[in-house]
1. Using the 10 angstrom Cβ neighbour count as an exposure proxy, how do 68, 114 rank, fewest first?
2. Tell me what the chain gives for mean residue ellipticity at 222 nm when only DSSP H runs of n ≥ 4 count, each as -39,500 (n - 2.57), the sum divided by the residue total, rounded to 500 deg cm²/dmol.
3. What Kirkwood Rh does the stretch 72-129 have if only Cα atoms enter the pairwise 1/r average? Answer in Å.
4. Under the rule that an exposed site lies in a DSSP loop and has at most 12 other Cβ atoms within 10 Å, name the longest stretch of the chain with no GluC sites (Glu not before Pro) of that kind, not counting the sites themselves.
5. Test of understanding: ordering 198, 267 by Cβ neighbours within 10 Å, fewest first, what list do you get?
6. Between residue 84 and residue 249, how many nm apart are label points set 7 Å from Cα along the C-beta direction?
7. Over the alpha carbons of the stretch 151-202, what is the largest minus smallest coordinate on each principal axis, giving the biggest first in Å?
8. About its Cα centre, what dipole magnitude does the chain give when the only charges are +1 on Lys and Arg Cβ and -1 on Asp and Glu Cβ, stated in debye to the nearest 20?
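Rule-based calculations on the coordinates, nothing more; no lab input. Here the structure is a predicted model, which is why all the values come from computation and not from measurement. In this analysis, Cβ positions are derived from the backbone assuming ideal geometry, glycine residues included, and neighbour counts consider all displayed protein chains.
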Amino acid sequence: MQPVFRFAPSPNGELHLGHAFSALLDFELCRRAGGRFLVRIEDIDRSRCRPEYEAGIFRDLAWLGVSWEAPVRRQSEHFADYAAALGRLEAMGLVYPAFLSRGEVAALTRDPAWPRDPDGAPLYPGQDRGLDPAEAARRIDAGGAHALRLRTAEAAALAGSLSWREEGAGPDGETGTILADPNLWGDVILARKETPTSYHLSVVVDDALEGVTHVVRGRDLFHATAAHVLLQRLLGLPTPAYHHHGLITDDGGRKLAKSDRDTSLRSLREAGVTAEDVRQMVGVDAALAAMR
């Protein structure tokens, strides 16, 4: 089977040097494997995504020398796929509506000893996990703000032992077969009232529907893979091989953000920087050489 790689940016800002490193590493690993390369536009957040940013993504990738297959999958055109996956999880009794506001969550989790996820956010308290279904339906019908969350402990118990193959490395150098512990994330969000899917749900559905066999992405998503592997098991979807790579940071050691205009590829290009200059700046060739 021919390998399938993908690069999946969100059009909510301009691509920067961190995106350049990820896209170039992904593309070159795909070429090394003789695979197919896809671009996917992750635009489920319609309030922040803009057509001009999407156009900029294609322009920047082409400038870098990255080519991809058509057509491009846009998540906003496939909400029905995510709804079908969510419906399967609901039918398994693994989803519940969560009504606590951010302020309520903060008040309930202010104890420094409260458990937190790998990103440092407090785990959802879950007071509404046992809410009467009729009352939950009444609140939803009345327009109450809510999210649909996974009953992660029950889901993990149902799924059994979980793992993935890591071809890159985690924050502590983890590689090879990685045991996944989705309980570290608590009850992850699968959808919101205003957005009918979440990153966690849509990314596993998309990867399966597009036949993705290799996921290359930043090390900041290493721990999130545990939640993705759980959803793949529950939904009967294949688990790709993962390659998590280091991040390009600023002078203060912070991960680059799309608000950092001085590192955007458009700004660099307009300043006379070449695509070859960018390759050298991010060190993608050195990273590839170290993998041989």
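1. Details: 68 19, 114 11.
Fewest to most other Cβ atoms nearby, the residues stand as 114, 68.
2. Mean residue ellipticity at 222 nm (helix-derived): -11000 deg cm²/dmol.
3. Across the stretch 72-129, the inverse of the average 1/r is 14.1 Å.
4. Details: sites that count: 69, 194.
In the chain, the maximal stretch lacking such sites is 70-193.
5. Placing the least packed residue first, the sequence is 267, 198.
6. A separation of 4.3 nm, rounded to one decimal place.
7. 38, 23, 15 Å, listed from the longest principal axis down.
8. Numbers: 34 positive and 41 negative charges, 55 e Å.
Here the chain has a charge dipole of around 260 debye.
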